[in-house]
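Undergrad: This structure is in structure tokens; I'll ask about it shortly.
Derivation of every value follows stated rules applied to the coordinates shown; laboratory data play no part. Computed from a predicted structure; not experimentally measured. Here the Cβ is made from the backbone with ideal geometry for all residues, glycine too, and neighbour counts use every protein chain on show.
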Amino acid sequence: MLEVAGLTTKYGAISALRDASLTVSDGEIVGLIGPNGAGKTTLLGSIAGLLPIDSGVITFDGEDITSAAPDKILRAGLALVPEHRRIFVDMTVEENLKVGGVTLSRTDRQELLTEMAELFPVLRDKWDTAAGYLSGGEAQQLAIARALMSNPRAIMMDEPSLGLAPILVDLVFDLIATLKSNGRTVLVVEQNATRMLKAADRAYVLRSGAVVASGTATELLERSDLFDSFAGG
Amino acid sequence: MEGLLQNVIDGLGRGSIYALLALGVAVVFGIMHMLNFAHGELITIPGYLTYWAFNNGWNWFTVIPLIVVSAVLSSLLIERIAFSRVRGATDFTMLLTSFGVHFIVSAGFLLYVSASVKPIPRPGWFANTLAMGSLNIEIFDLVVIGVTAVVLAGTTWLLQRTMFGLALRAAASDFDTARLMGIKSDSVIRGAFALSGFLAGIAGIFWIMREGQVTPTAGINPMLQGVLAVLIGGLGSLRGAVLGGLVLGLAEVLLRSWLPLSIQNLTTGFVFVLIALLFIFRPGGLLSVPQVERV
Amino acid sequence: MFTNSRRDVAFPLIGAVTLFALLFGGGLMYQTILGNGSAQRLVTTMLVDAIIVIGIQIYVGNTGILSFGHIGFGAIAGYVFAVFAISPAEKIKRIPMAPFGLTDVEVPPAVAIAIAVVITVLFAVVVGIGLARSGAQSGSVAATVITLALLFVTHEVAKSWPELTGGNRGGISFAIGASLQGRWPIVAALIGALVIARLYGQSRSGRLAVAAREDNLAARAMGVNPLVQQMVALLLSVAVVSVGSALRVWQIGSILPDRFFFAYGMLTLVMLIVGGRNSVTGAVLGVAVMTAARELARRLGQDGFEVFGIGLDGAPLDWIFRENLNSVVLGVAMVAFMIWRPNGILEDWEFDQWLYRRVGRRTETKPGRLPALDVIPDAQFSASGISVSFGGFQALSDAGITAESGEVVGIIGPNGAGKTTFVNVITGMVKPSGGQFSIDGDQLTGRPSFELSRRGLVRTFQNLRLFGALTVRENVETAALVAQEHRGHRTLRDVESLIAEAGLWDHRDRRARELDYGNSRRLELARAAAMAPSFLLLDEPTSGMSDSESIAMIEQVRHMAATVGAGVIVIDHDLGFITGISDRIYVFDQGSVIASGTPTEVQANPRVQAAYLGSAAAR
């Protein structure tokens, strides 16, 4: 479904991504793990059309989206939940969700709004509250719900468990599992590697902008040198 | 007491126009992070068209839509020709670009029309007053306040209740994330300039009526009032812009009424002294939005 | 005041004189070729404009703040000069009722200019305070608007105070006692302006202002107080503009409110922008280019294409080349340059600095290695109870560390753990909601960043914040300049040695923005070391580096700290780097310190492992 081939990006002298490649097949949960500064956010941002790419090809469902604008990529069915959530803090929960569905028709949008209210009771309770007043966990749910408002077939998440208490992390991974059972494809950048590997089908390990390991989640979990490759020992 | 009430209404009358101008400037600032020093040209250009129209037998009924439409079109045209090419540039560059555009337009009119003042007839009811007890209220002020209230209400509805408004607010809040939601950069920027032009157009109707004339430099004063009002209210706040405009108008009128006759013509100077004092004690403006520094 | 007297005094003086010779000489040539009075007036006008533009450059170029207000200051100076210099006999005709009995006052023109400068600079002090207050809060956009308002106010007051200014009709026109026959006052003022502008640019204040222009936050982290330097630049620039404006009034022989308003403001700004606002050479070039361009446009507008002896005529050309074409040309020039070359023709190229690099520099030998300090001054850093919340999000709860000079303390933790927030708090960039920190018992909580770095807490940035347009040497010099003033009680290492120590000797005169990543990081380290800090706070110094580079960095940091006697507090996610360099480690997770101890202890701690890899809590 999503194919990234040979992605390279430089910021001035810094090589943020070096020939990074990955594939995500329909209906999979794929994890992207690795230490801080590895380029995971740059990778997602490049796929989503926000960051410039120096070389490489990205295809989504056979369509070349390498240099497409973010709105075109969203309309193709690929949504991104950005790092740090980036919810619109001066707008209410409802308004945030509506913006998420800006590409839809009014009726479709209304339908999805109702769906989200059911799926996220916590948000339903704070429907008219300004998003800036939400707690970390609520904000993360809002960010995911907002991305779901465009009814994407594939959804990318950048560090969804960042700054969340363990019980909320559970919630997030529950959501990810639900997404898969609803037929959606999920690519998740996560810092919580062990947790990610337990939830994912496959995973890639990114370090200093390059893919240094990949395989099924089980395979990677069994590797004893995982901690080392993370912590740079 | 009656004098005060009269002054307040007069002040609100002026302040309403400043509020509309300020809101137009603030809408563009929210998205582009640029104070549009060419905003006044959105009155100059319709002003000259108005002069031409009256010379060709138009009347105020037909001129009013002309002003609004030409303001919107001018705003979009300027965005297309100049601002679209400096998107993402430094604040310095964008400010100078807008200043350059202001200059091109005013110098253009100087060059191709004339330096002389072009008179514009005022509507018949302009000088009418409404007598209420011992008060003599100018109808013009009431009309301005009324129309502004309606336009502000309409703009509020637009921003709060329509998808267009939501998209604008989202883009002003976080431009990149708004793009991630599927909002197109071009569309939302043009939308902001169109809205800004509309607001300038409404303000322009009354500005032109009140001035009764147009000159190549007609745009300087409205632009300055709009930009100052935005600062007074607090950069980054739409409500602040409206409040700033009203405060500016009130300050102007009330100050003039309180100053001794001999120095009344220095009112503008004193208004600026007040503004300066405001900035010393409340540097961010009345409704300042705390700007968080990104480390 | 001046770091290097050849580079910062001698050569700038050569530059000032050369620029003067070029401008004046060029003007004389033009005047001689054409041989008529109008050419002479054009050249005189150009010279006066140059003084004013150079004055504006002193502020706009060095601070990076766009100011429309300088012409407003010019108006004040112009009117003060006129009122004091014109004879009472003349004034009776125009402003018989001038306040403060000024109608009867007359002073020699030189004295009038001096009075004008003093009064205008006093106004500038007041305006400068306003700029500082609002600029600090709302950024330079607010400052620019205030200067615009100033321009407007002076114009309004000039129009509305006819007793003093002659109002809008007629203004004050006059012949001053000693009229501006020879151009000697103008020549002297121009040379003076050039000298002041160049010397200021190379002076301590000018260099610190430029650093703040390049990166305000980094400048503050290096102990620079941008507001002070911007005030100095403002006052100097207003003084120069005042002199130029007074001379302008003297030359023209009259003053009207519109003479110092938008049209002239635009002209002077365009001149500054076109040449390149960041250098005096650029300002002078801009004056020459725009004077020539406008004159050409004016001729074309008047005489059509005839001016070239080609008799081209016709309606389309008439449509373009008309009167006042030069006004439109200004606006078009402004917008065109903003789109295609925002930094002007010369960007920030300065003639005398180029000359210095070509012929003026003495050969330098690479300095030897710096030894570690024999005696490391004692210092104790302590932070406790630090809490920060952003809106509803608790970034830090009750965090605290201690550090001593001579040791390396590491801070690790996963992304979002609060490490950078912690550094931001102890360097004054984020206000904590609770807790305090101190060096040797001196309370530092709540102090601004520039003060903290002057007290010895100097940081580097995760996102690299160098002064891009400045060279490697100038970057380090900036810190050294501050250290000389505020860190004199410590051993200050000289700039060249630090640069060599950081492995940047071969790049010492390259601009910081041209460096590759590894060198950029090392430059940040050297710059911070030049502050002779008590504690070096390094925020992810190996971010983006390869393994071998990270290992090299360990040695670099250790040695650099030893040469200046600083304790080190390092944040990084790379456990290998941290364990390799630290004597003690603190582990942050979710805003709190969850473990601390020696590297061995910490690495074996299961809580630490869990924090890094995430809990394996089954569902």
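Undergrad: Counting only other residues whose beta carbon sits under 12 Å from that of A:D64, what net charge do I get with K and R as +1, D and E as -1?
TA: Working: positive: A:K72; negative: A:E3, A:D61, A:E63.
So the environment of A:D64 carries a net charge of -2.
Undergrad: Determine the distance separating the Cα centre of the stretch C:1-66 from the Cα centre of the stretch C:93-107; give it in Å without decimals.
TA: The distance from the Cα centre of the stretch C:1-66 to that of the stretch C:93-107 comes to 35 Å.
Undergrad: Once the principal axes of the Cα atoms of the stretch A:1-128 are found, what is the range along each, listed largest first in whole angstroms?
TA: Projected onto the principal axes, the Cα atoms of the stretch A:1-128 cover 46, 31, 25 Å.
Undergrad: Evaluated at 20 °C with a viscosity of 1.002 mPa s, what Stokes-Einstein diffusion coefficient in µm²/s does the stretch B:223-295 have when Rh comes from the Kirkwood expression over alpha-carbon pairs? Walk me through the numbers before you get to the answer.
TA: Working: Rh = 12.9 Å.
In µm²/s, the coefficient is 167.
Undergrad: Which whole-number percentage describes the relative contact order of chain A, with Cα contacts under 8 Å and a sequence gap of 6 or more?
TA: Working: 445 pairs, mean separation 65.9, N = 233.
Reported relative contact order: 28 percent.
Undergrad: I've got another one for you. Could you work out the Kirkwood radius for the stretch A:100-157, taking every pair of different alpha carbons, averaging 1/r and inverting it, reported in Å? Could you put the intermediate results ahead of the total?
TA: Details: mean 1/r = 0.0848 Å⁻¹.
Result for the stretch A:100-157, one decimal place: 11.8 Å.
Undergrad: Rg to Rh for the stretch C:1-43: what is it, with Cα atoms only and Rh by Kirkwood?
TA: Values: Rg = 15.7 Å, Rh = 12.0 Å.
My calculation of the ratio gives 1.31.
Undergrad: Same structure again: Given all pairs of different Cα atoms, what value in angstroms does the Kirkwood hydrodynamic radius of the stretch C:15-156 take? Kindly include the intermediate steps, with their values, before the conclusion.
TA: On the way: mean 1/r = 0.0567 Å⁻¹.
Hydrodynamic radius (Kirkwood, Cα only) of the stretch C:15-156 equals 17.6 Å.
Undergrad: Still on this structure, I have one more. What are the semi-axes of the equivalent ellipsoid for the stretch C:5-256, taken as the square roots of 5 times the Cα gyration tensor eigenvalues, largest first, in whole Å? Before the final figure, lay out the partial values.
TA: On the way: eigenvalues 204, 125, 39 Å².
That gives 32, 25, 14 Å for the three semi-axes.
Undergrad: For the stretch B:1-69, take every pair of Cα atoms, bin their distances at 5 Å starting from 0, and report each bin as a whole percent.
TA: 4, 14, 16, 15, 16, 15, 12, 7, 1, 0
Undergrad: Let me ask another. Exposure proxy check: C:H486, C:H155, C:H70 ranked by fewest other beta carbons within 10 Å? Before the final figure, lay out the partial values.
TA: On the way: C:H486 18, C:H155 23, C:H70 33.
Neighbour counts put them in this order, fewest first: C:H486, C:H155, C:H70.
Undergrad: Near C:L355, within a Cβ-to-Cβ distance under 13 Å, what is the net charge of the other residues, with Lys and Arg +1 and Asp and Glu -1?
TA: On the way: positive: C:R6, C:R7, C:R198, C:R357, C:R358, C:R361; negative: C:E350, C:D352.
Net local charge, C:L355 excluded: +4.
Undergrad: Under a Cβ-Cβ cut-off of 14 Å, what is the net charge of the residues other than A:D125 that fall near it, where Lys and Arg count +1 and Asp and Glu count -1?
TA: On the way: positive: A:R124, A:K126; negative: A:E94, A:E118, A:D128, A:E138.
Cβ neighbours under 14 Å give a net charge of -2.
Undergrad: Mean-square fluctuation check for chain A, GNM, Cα pairs under 10 Å: which of A:A200, A:A213, A:A139 is largest?
TA: Highest fluctuation of the listed residues: A:A213.
Undergrad: May I ask you to derive the relative contact order of chain B, considering only C-alpha pairs under 8 Å and at least 6 residues apart, and to give it as an integer percent?
TA: Rounded, it is 37 percent for chain B.
Undergrad: Could you name the lysines in cross-link range of C:K431, using Cα to Cα under 21 Å and dropping any fewer than eight places away on the same chain?
TA: The qualifying lysines are C:K419.
Undergrad: While we're on this one: Determine one quarter of the surface area of the Cα convex hull of chain A, which equals its mean projected area, and express it in nm² to one decimal.
TA: On the way: hull surface 50.0 nm².
That works out to 12.5 nm², a quarter of the Cα hull's surface.
Undergrad: Also, quick follow-up: So for chain C, averaging the separation of alpha carbon pairs under 8 Å that are six or more residues apart and normalising by length, what relative contact order in percent results? Could the numbers behind the result be given before it?
TA: Details: 1136 pairs, mean separation 92.8, N = 619.
Answer for chain C is 15 percent.
Undergrad: Let me ask something else about it. Equivalent ellipsoid semi-axes for the stretch B:141-221, as square roots of 5 times the alpha carbon gyration tensor eigenvalues: give them largest first, rounded to whole Å. Intermediate results must be reported in sequence, preceding the final value.
TA: Details: eigenvalues 189, 54, 11 Å².
Result for the stretch B:141-221: semi-axes of 31, 16, 7 Å.
Undergrad: Taking N as the number of residues in chain C, what is its Cα Rg relative to 2.2 N^0.38 Å? Before the final figure, lay out the partial values.
TA: Numbers: Rg = 29.3 Å, N = 619, 2.2 N^0.38 = 25.3 Å.
Dividing the Cα radius of gyration by 2.2 N^0.38 Å gives 1.16.
Undergrad: Here's a follow-up. Please state the Cα pair-distance histogram of the stretch B:2-281 with 10 angstrom bins from zero: what percent is in each bin?
TA: The percentages, shortest bin first, are 7, 28, 35, 23, 7, 1, 0.
Undergrad: Taking a quarter of the surface of the Cα convex hull of the protein assembly as shown, what do you get in nm²? Show your work: numbers first, answer last.
TA: Values: hull surface 198.3 nm².
Average of the hull's projected areas for the protein assembly as shown equals 49.6 nm².
Undergrad: Which three numbers, in whole Å and largest first, are the semi-axes of the equivalent ellipsoid of the stretch C:446-538 derived from its Cα gyration tensor as √(5λ)?
TA: On the way: eigenvalues 89, 43, 23 Å².
Over the Cα atoms of the stretch C:446-538, the ellipsoid semi-axes are 21, 15, 11 Å.
Undergrad: Just the C-alpha atoms of the stretch C:380-618: what Rg/Rh do they give, with Rh taken as the Kirkwood radius?
TA: Values: Rg = 17.4 Å, Rh = 18.0 Å.
Looking at the stretch C:380-618, the ratio lands at 0.97.
Undergrad: If you don't mind, there's one more thing I want to ask. Arranged by the count of other C-beta atoms within 10 angstrom, fewest first, what order do B:R210, C:R298, C:R521 take? It would help to have the intermediate numbers written out before the result.
TA: On the way: B:R210 15, C:R298 18, C:R521 25.
Fewest-to-most Cβ neighbours within 10 Å comes out as B:R210, C:R298, C:R521.
Undergrad: Return B:Y112, C:Y30, B:Y18, A:Y204 ranked ascending by Cβ neighbour count within 10 Å, so the fewest neighbours appear first.
TA: Ranked by crowding around the Cβ, least crowded first: B:Y112, C:Y30, A:Y204, B:Y18.
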